[in-house]
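Data first, discussion second: the structure below is written as structure tokens.
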Amino acid sequence: MKVTIIDYGAGNVFSVKAAFERLGKNAIISADAEEIKSSDFVVFPGVGHAEDAMAQLKKSQIDLLLPNLKQPVMGICLGMQLMCQHTEEGDTDGLGIFEDLKVIKFDPKYKVPHMGWNNLIDTKSILEDVNEDVYFVHSYFAPISKYTIASCQYQEKFSAALQKDNFFACQFHPEKSGEVGSKILTNFLKQI
Amino acid sequence: MLKKRIIPCLDIKNGRTVKGINFEGLVDAGDPVELAKVYSQNGADELVFLDITATHEGRKTMLEMVKNVALSINIPFTVGGGISSVEDAALLLKNGADKISVNSSAVKNPNLIKELAQKFGNQCVVIAIDAKLINDKWKVFLNGGRIETDLELFAWAKEAVNLGAGEILFTSMDHDGTKNGFAIEALKKMSEIVNVPIIASGGCGNMQHFKDVFLESKVDASLAASVFHFGEIKIPELKTYLKTNKIEIR
């Protein structure tokens with residue numbers, strides 16, 4: 001089984017790799033198109049600023065590759081937001097995998113970033129058996145949509161996870177969510 | 001609901017934990033990786049590692065430690081101490097740290113906060129502030145509390161957030177080590193002034209102190225060191241206690 005974590009200079013790849021290794025799966029970190037295409041599973045992580053990250057994706061042409069992948073793909077945090085149509089962060093157009101879904105900023109009346117452990121609600125698909133706390137850290141969010149497979153409450157209900165066909169995405173960090181996170185990654189690795 | 005976080009803090013020198021640590025069932029209490037694993041298994045929500053090494057060699061050891069911690073635990077952790085440039089921070093983050101905390105270096109060069117936030121995002125940047133009440137004014141101190149500055153705590157906290165800090169770790173030097181409870185009044189005021197998560201630090205001696213700070217102020221997390229290291233407070237018991245007191249806890 002081959003797991004590839006896409007490396008486009010947007011942080012945190014080391015922790016994601018470590019999480020798969022704790023599950024006994026070897027994950028490689030790569031930006032190479034052939035490497036990515038030939039993987040059984042692809043992970044699209046991301047920490048940082050949407051505009052910079054999107055520019056990096058374009059530079060390495062991963063923006064053209066990613067939406068056409070047929071194997072299970074999991075976006076994490078900024079990775080998830082870039083899989084949407086657009087994000088308010090830097091007024092950036094995303095990959096549009098989650099068509100028409102627009103990522104918006106939390107109301108600064110409340111504490112931003114939304115940082116810490118919060119519980120998943122209304123879960124289905126690969127998160128069906130997961131209603132526990134997972135670790136979030138983000139200032140922008142995707143509203144509830146037809147793609148939502150888990151929600152979370154902070155100010156209002158928002159999308160904690162999304163799915164469209166073989167594309168999965170989490171706003172939270174499964175690699176930092178303790179045993180619950182491991183369970184989620186295990187569920188993802190069952191999607192073939 | 002977003003939960004209140006419990007954060008053990010480990011002081012690191014040359015890759016080893018300092019302060020006498022007396023932890024039941026730990027073969028090598030000086031090994032930060034082993035300690036981190038135990039805390040993570042016991043339900044700590046996050047960890048903070050504070051590097052108090054001054055030498056270049058020690059810094060390299062710290063990077064190695066960060067990498068081993070990231071490989072071993074699956075909860076977030078912050079690394080602080082001696083970070084004075086974007087390059088310093090980049091190395092720690094690349095080796096698996098989730099957040100970096102800056103203290104004296106940010107006071108000396110406030111622009112550092114801005115640079116870090118732009119490069120890594122606000123969520124990555126914790127501003128750590130040590131302060132002491134002097135003539136009714138909270139004064140900011142540097143270099144582990146050794147140097148007094150003219151900065152006022154709340155003004156500095158506000159400025160740091162404006163510059164891009166995504167979280168505040170406030171240690172009251174008046175409370176630190178006393179075990180008489182957290183600086184609740186100052187923490188209350190800070191929650192009114194800034195709109196980022198706040199970590200309370202300094203003064204915790206028993207479980208009730210955690211309850212008080214969560215019920216009376218709007219802090220998001222509480223940090224402690226010795227009460228955890230010496231097993232005076234056990235995290236699973238603390239969490240049960242806080243839950244029975246209607247505090248949202250993981």
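Spacing of the modelled spin labels on residue B:143 and residue A:145, each 7 Å from Cα toward Cβ, amounts to 5.3 nm. Across the alpha-carbon set of chain B, the Rg to Rh ratio works out to 0.93, Rh being the Kirkwood radius.
Each label point was placed 7 Å from the Cα along the Cα-to-Cβ direction; for residue B:118 and residue A:55 their separation is 1.1 nm. Toward the positive end of the charge dipole of segment B:5-244, with +1 on the Cβ of Lys and Arg and -1 on the Cβ of Asp and Glu, the farthest Cα among B:208, B:151, B:89 is that of B:89. Basic side chains Lys and Arg get +1 at the Cβ, acidic Asp and Glu get -1 at the Cβ, and with that the dipole of segment B:117-250 about its Cα centre reaches some 400 debye.
Applying a threshold of 23 Å to the alpha-carbon distances of A:25/A:70; A:58/B:67; A:105/B:99; B:188/B:246 flags A:58/B:67 as lying beyond it. Which of B:144, B:203, B:181 moves the most in a Gaussian network model of chain B with Cα springs under 10 Å? Residue with maximal mean-square fluctuation among B:144, B:203, B:181: B:144.
Which value in nm describes the separation of the simple spin-label points at residue B:84 and residue B:192, placed 7 Å from the Cα toward the beta carbon? Spacing of the two 7 Å Cα→Cβ label points: 3.8 nm. Rolling a 1.4 Å probe across all protein chains gives residue A:107 an accessible area of roughly 60 Å². Count Lys and Arg as plus one, Asp and Glu as minus one, and take only other residues whose Cβ is under 10 Å from that of residue B:46; the net charge is then +1. Inter-chain Cβ neighbour count for B:93-100, averaged per residue, equals 4 (cutoff 10 Å, partner chain atoms only). For the peptide B:165-178, the mean number of other protein chain Cβ atoms found within 10 angstrom of a residue's Cβ is 1. How about residue B:158: which aspartates and glutamates have a C-alpha closer than 14 Å to its C-alpha, ignoring those fewer than 8 places off in the same chain? Counting by Cα, and skipping residues close in sequence, residue B:158 has these aspartates and glutamates nearby: B:167, B:192.
Principal axis analysis of the Cα atoms in the protein assembly as shown yields extents of 64, 47, 46 Å, listed in decreasing size.
Close amide H contacts of residue B:11 (hydrogens built in the peptide plane, cut-off under 5 Å, sequence separation of 5 or more or a different chain): B:18, B:50.
Across peptide B:68-75, the mean count of Cβ atoms from other chains lying within 10 Å of each residue's own Cβ comes to 6. A simple charge model with +1 on the Cβ of Lys and Arg, -1 on the Cβ of Asp and Glu and nothing else charged puts the dipole of chain A at about 280 debye relative to its Cα centre. Every pair of different Cα atoms in segment A:3-189 enters the Kirkwood calculation, which places the hydrodynamic radius at 16.1 Å. For the set B:241, A:110, the ranking by accessible area, highest first and with no ligand, DNA or RNA atoms included, is A:110, B:241 under a 1.4 Å probe.
The values are calculated or read from the model by the stated rules, or taken from the named source; none is laboratory data. Because the structure is a prediction, the values reported are computed rather than measured. Because the Cβ atoms are built from the backbone with ideal geometry, glycine has one as well, and the counts that use them run over all protein chains shown. For accessibility, only protein heavy atoms count, side chains too; no ligands or nucleic acids. Shrake-Rupley method; radii C 1.70, N 1.55, O 1.52, S 1.80 Å.
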